[in-house]
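The values are calculated or read from the model by the stated rules, or taken from the named source; none is laboratory data. Model, not experiment: these values are computed from the prediction. All Cβ positions, even for glycine, are placed from backbone atoms using ideal geometry, and neighbour counts span all protein chains on display.
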Amino acid sequence: MNAMNLPGAGQRVVRTEVGHALQFETDAHVRYFVEENPVLTLSDDTEVTISLPAPASGTDIAAELTGATIELSTFTADGSLVVLFDTGTVLSVPPSPDFESWNVSAPGNVLVVSTPGGTIAAWNWPSTDGHGYP
């Protein structure tokens, strides 16, 4: 599957949890679940690599994401997840060769998963024209 937009654009992050995984949810019930070590690029271009599990640094990460609005949520051809927030922060998650590195679920039983090796699998995808979410 080629790069496509994912659900979440225009939605505000209302809940963030960091522990064995990074999880966040929007005000429209789109859920992100990240198990591969993500990178946060802050608005000042500082890169923060999050080593999961992240019990101690989780509070700072949650504060960075909670309340932010997603401007763009997409995956790339190699299976990476990229989420751009209105704060200027960018979340990047690489694919894993060994396990599912991330998934995004949305109302309507939509589920998009980066499978081992970065192949994207999607269920109940709302678009048949190959463009994903607007």
Among the listed residues 63, 68, which satisfies the condition of being loosely packed, with under 15 Cβ neighbours inside 10 Å and either farther than 16 Å from residue 36 by Cβ or in contact with a strand residue (DSSP E or B) (Cβ under 7 Å, 6 or more places away or on another chain) (or both)? 63
Looking only at the stretch 31-56, which residues are at pLDDT 90 or above and touching a helix residue (DSSP H, G or I) at 6+ places or on another chain (Cβ under 7 Å)? 40
When every residue in the stretch 57-102 that is among the polar types (S, T, N, Q) and assigned to a loop (DSSP other than H, G, I, E, B) is compared, the one modelled with the lowest pLDDT is 57
